[in-house]
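Each remark here refers to the structure printed beneath this line.
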Amino acid sequence: MKFENAVLEYRLHKATNLYEPIYYYKMIELSQILARRECEFFIKEGKTYKQLSSSIEGNLFVIYVELFEEGPIELENTLEQGIKLEVRELNARQNYPLLSTEDVSNHLDILSVIGSVYTYLEKNEWERDSAEIDEDRGVYVLYVTPTGYTLET
């Protein structure tokens with residue numbers, strides 16, 4: 001397999017054409033790299049980063065980010081304890097209501113959900129807005145908005 005020994009590095013945008021490596025993951029599966037690359041936001045140590053772009057340099061995958069905001073560190077668990085996915089409504093006024101949560105067995109399952117434009121919960125259709133990986137809480141989060149469409153049975 002071409003990317004059997006893949007490595008992931010996050011690089012912080014400092015100035016025009018200047019990026020500083022900030023996080024490095026040596027022992028990481030390709031499926032996790034791809035799931036992380038699908039996330040527009042990355043949270044670690046209370047800092048939220050917004051993805052700018054990504055690249056591949058041989059076996060090194062790079063995600064370029066900028067600092068989006070800082071807040072308190074919320075530690076609940078780690079990704080090593082399992083892979084969790086939350087689906088939340090993109091509604092800041094209501095503090096992003098939790099629509100569903102589930103434990104999944106692998107990062108391809110995460111990628112399958114967060115990479116889809118539409119998600120169905122209790123027969124209601126939701127459209128993808130963005131996704132994040134929150135390392136502080138050990139969870140992937142998919143933000144969605146209602147389309148108003150309901151599946152008929």
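The values are calculated or read from the model by the stated rules, or taken from the named source; none is laboratory data. Computed from a predicted structure; not experimentally measured. Because the Cβ atoms are built from the backbone with ideal geometry, glycine has one as well, and the counts that use them run over all protein chains shown.
For the range 52-75, what are the residues that are more than 15 Å from the chain's Cα centre (by Cα) and over 14 Å from Y23 (Cα atoms)?
The answer is S55, I56, E57, G58, N59, E69, E70, G71, P72, I73, E74, L75.
Do any residues in the range 58-74 that are under 11 Å from E45 (Cα atoms) have Cβ atoms under 9 Å from those of residues that are at pLDDT 95 or above and hydroxyl-bearing (S, T, Y), where the two are at least six apart or on different chains, and which pairs are they?
E70/T48; G71/T48
Go through (1) within 20 Å of E40 (Cα to Cα); (2) more than 13 Å from the chain's Cα centre (by Cα); (3) in a strand (DSSP E or B) for E86 and report which single condition fails.
It is condition (2) that E86 fails.
Among the residues of the range 12-47, write down those that are assigned to a strand (DSSP E or B), in contact (Cβ under 8 Å) with a residue 60 or more places away in the chain and not charged (D, E, K, R). Give the derivation first.
Within the range 12-47, the subset assigned to a strand (DSSP E or B) is 12-15, 18-25, 41-44, 47.
Checking the rest, the ones that are also in contact (Cβ under 8 Å) with a residue 60 or more places away in the chain come to 41-44.
The answer is F41, F42, I43.
What number of residues within the range 102-128 are touching a residue at least 24 places away in the same chain (Cβ under 8 Å) and farther than 16 Å from S31 by Cα?
Step one: of the range 102-128, the residues touching a residue at least 24 places away in the same chain (Cβ under 8 Å) are 106-111, 113-115, 118-121, 123-126.
Filter once more, keeping what is farther than 16 Å from S31 by Cα: 118-121, 123-126.
Residues in the range 102-128 being touching a residue at least 24 places away in the same chain (Cβ under 8 Å) and farther than 16 Å from S31 by Cα: 8 in total.
Need the failing condition index for V65 against (1) in the same structural domain as L30 (by TED's automatic domain parsing); (2) touching a Pro at 6+ places or on another chain (Cβ under 8 Å), just the number.
(2)
Can you confirm whether the range 44-51 contains a residue that is among the hydroxyl-bearing types (S, T, Y), within 21 Å of L18 (Cα to Cα) and surrounded by 18 or more Cβ atoms within 10 Å (Cβ to Cβ)?
So the first thing to find is which residues in the range 44-51 are among the hydroxyl-bearing types (S, T, Y), and the list is 48-49.
With the extra rule that they be within 21 Å of L18 (Cα to Cα), the set shrinks to 48-49.
If we keep only those that are surrounded by 18 or more Cβ atoms within 10 Å (Cβ to Cβ) too, we end up with 49.
Scanning the range 44-51, I find at least one residue that is among the hydroxyl-bearing types (S, T, Y), within 21 Å of L18 (Cα to Cα) and surrounded by 18 or more Cβ atoms within 10 Å (Cβ to Cβ), so the answer is yes.
Return the residues of the range 120-137 that are surrounded by 18 or more Cβ atoms within 10 Å (Cβ to Cβ) and in a loop (DSSP other than H, G, I, E, B); say none if nothing qualifies. Step through it out loud before you land on a result.
First pass over the range 120-137, keeping only residues surrounded by 18 or more Cβ atoms within 10 Å (Cβ to Cβ): 126, 128, 131-134, 136-137.
If the condition is that a residue be surrounded by 18 or more Cβ atoms within 10 Å (Cβ to Cβ) and in a loop (DSSP other than H, G, I, E, B), then D136, R137 are the ones that fit.
Select, from A6, A15, A35, the only residue that is crowded, with 17+ Cβ neighbours inside 10 Å and either in the same structural domain as G138 (by TED's automatic domain parsing) or over 15 Å from the mean Cα position of the chain (by Cα) (or both). Show your work before the answer.
Working: A15 fails: crowded, with 17+ Cβ neighbours inside 10 Å; A35 fails: either in the same structural domain as G138 (by TED's automatic domain parsing) or over 15 Å from the mean Cα position of the chain (by Cα) (or both).
After applying the criteria, what remains is A6.
For the range 93-115, enumerate the residues that are part of a helix (DSSP H, G or I) and either surrounded by 12 or more Cβ atoms within 10 Å (Cβ to Cβ) or at pLDDT below 95 (or both). Show your work before the answer.
Going residue by residue through the range 93-115, those that are part of a helix (DSSP H, G or I) are 93-94, 107-114.
Result: H107, L108, D109, I110, L111, S112, V113, I114.
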